[in-house]
Every structure is written in C-alpha cells, then in structure tokens.
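> Quick one: the structure is below, questions incoming.
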Amino acid sequence: MKNLKMSSHKSGFIAIVGRPNVGKSTLINQLIGEKIAIMSPKPQTTRNRILGVLSTDEYQMIFVDTPGMHKGRDLLNKSIDKVAVSSINDVDIVLFVVDSMKGAAEDHIIDYFRGIKIPVFLVINKIDELKNKSAIDEIIISYLNAYPFEGVIPISAKEKTHLNRLIEMLVPLLEEGPEFFPADMKSDQSEEKLMSELIREKILYHTEQEVPHAVAVVIESLVENPELNTLDVTALIIVERTTQKQILIGKGGEKIKKIGTEARKEINSLLNTKIHLTLWVKIKKDWRNRPNDLKAFGYGE
C-alpha cells in the first residue's frame, strides 16, 4: 500500500491597517474577489471592522479590514480608531498599507506595532500612480528603520498588481488550523449592514464638505413581497445639521434621488435581490459625540 502524503489545512487572521484613504478596502475586495467593503475618495470611508474570507483546499485567510487609523477629535472617530487598534491584538499577521513616504500619521500607527509579537508586512499600495521604480524605492527606504518588518511588497490593489505574490508571502506564516468559516462564505457582513454601507458609499460620492463625516445610515425596515419576489427597504439617513440635510436632498430632491437610484442598482446587483428603496433624512444634532446614538447607529460598544 502506498504511503499517502496528508496535507494539513492552514488558517489565520490577517489585519489590514493604515491611515485613511490608502486603499485598504480596495485591497480586501480584490483579495476576496467580491465587494464586501465600500470605497470612495473620501477619508474615513470604513467605520467598522469587516471580515473577508479567502478559502482554498489548503488554507483559509480571514482578512480584517479596519478603519483608517488617525487621531480623531469627536467620539465617533475615537471609537473608530479604537476598533482599528483592537484588531491588531486579535490577529496572526498585520498588513500595514501605505501609499506615500513615512510621516507623522504613519509613525502614530507604527507605535501600536511595538507591543505586538506577530509578523508585520509593509505593503506599498498605488504603485500604478508612481512615476518609476525609484519612487517606490524612496518610499520603502523611508520606512526601513522605523520597524523590523517581516517583509516589504509594492502592490496596486486597483490593478491587482502583485496580489498573488502577497498571498504567496502570507501562506508560509499561517499555522495549522481549521476552517473558521464555511468555504463559500466571503464576509461576516449581514445583508442589512451591507445595504446601509452601500447607501453611505453613494452619499460619500455625491456630497462634499462636512456632510460625509456627519452621516450615518440605518436600515429601518425590510418587508418581503413573496408574490413579486421583491424586498421593500426603508433606510434612515442621519445628519447633524439642517444645512447638511439640505445639501443631501439637493434642489428639488435631485441629489437624494440620484443617491437612492445608484444604491438600489448596486444592492440589486451585489445581493441578487430586487429591492424598492425608500430614503428618509433625519437631523440628530451632535450624534457623533453621543454614546447612545453611536450605539444605536452601530458604532458604539
């Protein structure tokens, strides 16, 4: 009888951290092969910790997309930073994503690595926007003496450049372990949470100034229509001031209509569900500094 070589299954949790707007959500979406985290050019797009699951016969990688780490002023941003920091202590590997030379913002994040004893990789993102290789080298050099990184890899999450190489670097560091999630599961995001985030994504794209950061989106009701195979979704958009509500609604309601139409189309596509979407806008003064409001809107503990 032949000796069969038994291959052991590997698994591990991998945090994706970095300052706001360096492409963390784009990276996790590309690694998973499915949109599970919203994206926009605005900083602080991600507010909650999101798990993305990549499964093969040999391994399961659970990527943790964290909010951008920064020194926030209001209670919401302090809560967001706390989520990101706590994620570092609960994983096996850290991917520190940057897109420029080291500055004070990066030093703030690197300080959190000093107390941990797990591998930290430096991931240089957006290399498709850099002029030449020397520009990449300059960025790498600026970080080399800041921390003993396990490895350094330049990538473009947007163009999927070197993402396979990134995976190859991670596999040897995974330890023998089980499948923590079903093989066909891509994320821990509930459909309700994904709906609210997709609506907020469209708001981020279509509003300026102070509006994006003052917005929260809560799904108020979901009503199934079995005969029509549709879902009626009512979402509440919370802002802090009357002026923000006016900007969000737009002249003659044009902006809120556009936001609703785009959100509905993407929700239909991603969730393979035909929905009817109704949006309401409500003013809740200073909600970002009120613990009860933060908890009610899904950001508090």
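> Of all residues in the stretch 92-118 being assigned to a helix (DSSP H, G or I) and not acidic (D, E), which is farthest from the chain's Cα centre (by Cα)? Break it down into steps so the answer makes sense when it comes.
Filtering the stretch 92-118 down to residues assigned to a helix (DSSP H, G or I) leaves 104-113.
Next, from what is left, pick out any that are not acidic (D, E): 104-105, 108-110, 112-113.
On the way: A104: 22, A105: 19, H108: 20, I109: 17, I110: 20, Y112: 19, F113: 20 Å.
By that ranking, first place goes to A104.
> Conditions first: (1) touching a strand residue (DSSP E or B) at 6+ places or on another chain (Cβ under 7 Å); (2) of a type in the set (G, A, S); (3) farther than 14 Å from E197 by Cα. G252 passes all but one, so which condition is the exception?
In the conditions (1) touching a strand residue (DSSP E or B) at 6+ places or on another chain (Cβ under 7 Å); (2) of a type in the set (G, A, S); (3) farther than 14 Å from E197 by Cα, G252 misses (1) alone.
> Residues being assigned to a loop (DSSP other than H, G, I, E, B), out of contact with any Lys or Arg (no Cβ under 9 Å at 6 or more places or on another chain) and more than 18 Å from V94 (Cβ to Cβ): count how many of those fall in the stretch 119-153. It would help to see each step written out before you state the result.
Filtering the stretch 119-153 for residues assigned to a loop (DSSP other than H, G, I, E, B) gives 119, 125-126, 130-132, 145-150.
Filter once more, so that each one left must be out of contact with any Lys or Arg (no Cβ under 9 Å at 6 or more places or on another chain): 119, 130-132, 145, 148-150.
This time we only want the ones that are more than 18 Å from V94 (Cβ to Cβ), so: 130-132, 145.
Of the residues in the stretch 119-153, 4 are assigned to a loop (DSSP other than H, G, I, E, B), out of contact with any Lys or Arg (no Cβ under 9 Å at 6 or more places or on another chain) and more than 18 Å from V94 (Cβ to Cβ).
> Can you name the number of the only condition in (1) touching a Leu at 6+ places or on another chain (Cβ under 7 Å); (2) modelled with pLDDT under 90 that N229 fails?
That leaves (1) as the condition not met.
> Looking at (1) outside the structural domain of L27 (by TED's automatic domain parsing); (2) part of a helix (DSSP H, G or I), find the lone condition where F181 falls short.
For F181, the exception is condition (2).
> To continue, here is another question. Does D293 fit the bill of being farther than 20 Å from S25 by Cα, touching a Gly at 6+ places or on another chain (Cβ under 9 Å) and of a type in the set (D, E)?
Working: farther than 20 Å from S25 by Cα: yes; touching a Gly at 6+ places or on another chain (Cβ under 9 Å): yes; of a type in the set (D, E): yes.
Yes: the conditions hold for D293.
> Further, regarding this structure: Check the stretch 164-176 and report whether any residue there is of a type in the set (A, V, I, L, M, F, W, C), outside any helix (DSSP H, G or I), over 21 Å from the mean Cα position of the chain (by Cα) and under 22 Å from K131 (Cα atoms). Even if it seems obvious, please write down each step before you answer.
Here is the first cut: in the stretch 164-176, the residues of a type in the set (A, V, I, L, M, F, W, C) are 166-167, 169-171, 173-174.
Now restrict to residues that are outside any helix (DSSP H, G or I): 174.
Then keep just the ones that are over 21 Å from the mean Cα position of the chain (by Cα); that gives 174.
Narrowing the set further to residues that are under 22 Å from K131 (Cα atoms) leaves none.
No, because not a single residue in the stretch 164-176 is of a type in the set (A, V, I, L, M, F, W, C), outside any helix (DSSP H, G or I), over 21 Å from the mean Cα position of the chain (by Cα) and under 22 Å from K131 (Cα atoms).
Yes or no, residue by residue, for (1) at pLDDT 95 or above; (2) buried (at least 19 other Cβ atoms within 10 Å of the Cβ); (3) among the acidic types (D, E); (4) closer than 26 Å to I36 by Cβ:
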residue	(1), (2), (3), (4)
A104	no, no, no, no
L122	yes, yes, no, yes
K133	no, no, no, no
E150	yes, no, yes, yes
S156	yes, yes, no, yes
L170	yes, yes, no, yes
E179	no, no, yes, yes
M185	no, no, no, yes
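> Could you say whether any residue in the stretch 211-222 is in the same structural domain as R290 (by TED's automatic domain parsing) and out of contact with any helix residue (DSSP H, G or I) (no Cβ under 9 Å at 6 or more places or on another chain)?
Yes, some residue in the stretch 211-222 is in the same structural domain as R290 (by TED's automatic domain parsing) and out of contact with any helix residue (DSSP H, G or I) (no Cβ under 9 Å at 6 or more places or on another chain).
> Could you run through the stretch 140-163 and say how many residues are under 23 Å from I109 (Cβ atoms) and under 22 Å from the mean Cα position of the chain (by Cα)?
Within the stretch 140-163, the subset under 23 Å from I109 (Cβ atoms) is 140-158, 162-163.
Cutting the leftovers down to under 22 Å from the mean Cα position of the chain (by Cα) gives us 152-158, 162-163.
Number satisfying all stated conditions: 9.
The values are calculated or read from the model by the stated rules, or taken from the named source; none is laboratory data. Quick caveat, the model's predicted, so the values are computed rather than measured. Using ideal geometry, Cβ is built from the backbone for each residue, glycine included, and neighbour counts are taken over all protein chains shown.
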